[in-house]
Each structure stands twice: as structure tokens, then as C-alpha cells.
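What follows is calculated from the coordinates using simple rules that are stated; it is not laboratory data. Owing to the predicted nature of the structure, the values given are computational and were not obtained by experimental measurement. When we count neighbours, we look across all protein chains shown, and the Cβ atoms used for this are built from the backbone with ideal geometry, even at glycine.
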Amino acid sequence: MTDEKYKDRYYSKEKYKAVKGSFICGLVFLAVAITSLFYLRAGISFLGLRHWGFWLFIPAFFILLGAFQQLYTNNKYKKAVLRSLMDRGNQGTYKLENIALEVGIKPKDLLRVLADLRDSGKIIYRFNADTGEIELGQKIDYVLSTEYLPPAKKIDAPLPSTNKNFCIYCGHQLERERDTKFCPSCGSKLS
């Protein structure tokens with residue numbers, strides 16, 4: 001048996017994703033379906049909506065159902081991570097992988113949950129610049145570098161970060177006198 005086959009077996013198959021786009025799409029379908037009912041009632045024939053537009057209630061229902069399901073999953077993950085951090089007294093230094101295994105979500109999803117919890121003010125943390133471990137209770141002041149340009153949405157390979165004094169992923173200004181291996185703000189590995 002290969003270890004590669006079983007490397008994700010302790011993690012949930014659900015993902016932590018944004019839901020705003022799903023809600024907007026579902027509401028657009030719903031708005032067109034409702035508009036078609038008004039056209040049907042008023043006898044207006046605009047793009048034939050009065051004849052077929054009401055059928056858009058069906059995809060609108062399923063899109064909105066999926067959005068509410070994702071919202072529930074996201075809230076479940078936030079509560080589980082928050083509970084795990086509170087059990088630790090919201091203090092100390094921990095490996096990200098250990099927290100992810102305890103909660104049952106993949107480390108990349110845990111990073112998103114942690115960022116959302118920090119943005120909402122529910123937790124305070126930073127990443128150790130040398131080890132990449134999470135330091136609970138340690139505040140970080142995010143300072144955007146003037147040289148930072150956001151990377152492409154999809155990155156196939158790690159971006160080179162040599163000779164740069166900022167994180168290439170989030171733009172956080174790094175300390176010039178230190179050779180940092182990890183970004184203290186987002187936890188990304190800097191090569």
C-alpha cells in the first residue's frame with residue numbers, strides 16, 4: 001500500500017469555499033423567474049420570458065440550496081476551529097497540520113478559516129517566520145508593501161521570492177534584517 005493513497009483519509013471531503021457568488025447567481029435566476037411572472041400577468045412578450053421564464057425557479061432553488069449548504073459547512077468549520085483554539089487557551093505555538101488533523105479539515109482550508117476568523121476579530125495569531133507554526137495570541141500588524149503586485153488567481157508552482165522584502169502571496173512587508181522562511185501574516189512558505 002502506498003502512503004499517497006491514504007494521505008487525506010482523516011480529512012473531511014467538504015471544502016471551505018466562498019458563497020457570495022452562489023447566492024448572487026441564485027438570486028439572479030430568482031429575479032428573472034419572478035419578472036417572467038409579471039410579464040405573464042401583464043401580457044408583455046420580452047424575449048419570450050412570459051412563456052419560459054418561470055422555469056428558472058427550479059435552478060434558482062437548487063443553486064440557493066447549494067449556497068445555504070456551503071454556508072452551513074463554512075460555519076461548521078469556523079465553530080470547530082474556534083473550539084479547538086479555545087481548548088488550547090488561545091495561547092501557544094502549534095503546527096498547522098496538527099490543528100487541521102484535530103478539526104478534520106485540510107490545511108489549505110484551515111488557512112482560509114483562520115484568515116476569516118482573524119478578519120472578523122474572533123482570534124489573534126501570527127505565523128512564526130522561521131518554522132511556519134501558528135502562534136496564538138500574537139498580534140500582527142499587516143503592512144502592505146509598495147512593491148507588491150497580486151499574483152494570478154491560479155498558481156501552478158511556488159512563486160520565486162528571492163531578493164524581495166515582502167510576501168509574494170499577500171503583500172505583507174517583511175523585516176529587512178531577517179531571512180524569513182515563512183510569511184508571518186499568511187503563513188506562506190517563502191523560498
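Below is a table of values for the structure above.
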{"read-out": "Long pairs among 108/181; 17/106; 108/189; 79/189; 122/181; 95/181, criterion Cα-Cα beyond 21 Å", "value": "79/189; 122/181"}
{"read-out": "Ordering of 54-61, 183-190 by packing [mean C-beta count within 10 Å, highest first]", "value": "183-190, 54-61"}
{"read-out": "Per-pair calculated FRET efficiency, R0 = 35 Å: residue 71 and residue 38 via Cβ, rounded to 0.05", "value": "0.75"}
{"read-out": "Gain upon complete extension [residue 45, residue 62; 0.36 nm per residue less C-alpha separation]", "value": "3.4 nm"}
{"read-out": "Per principal axis, descending, Cα span of the range 4-136 in whole Å", "value": "68, 37, 24"}
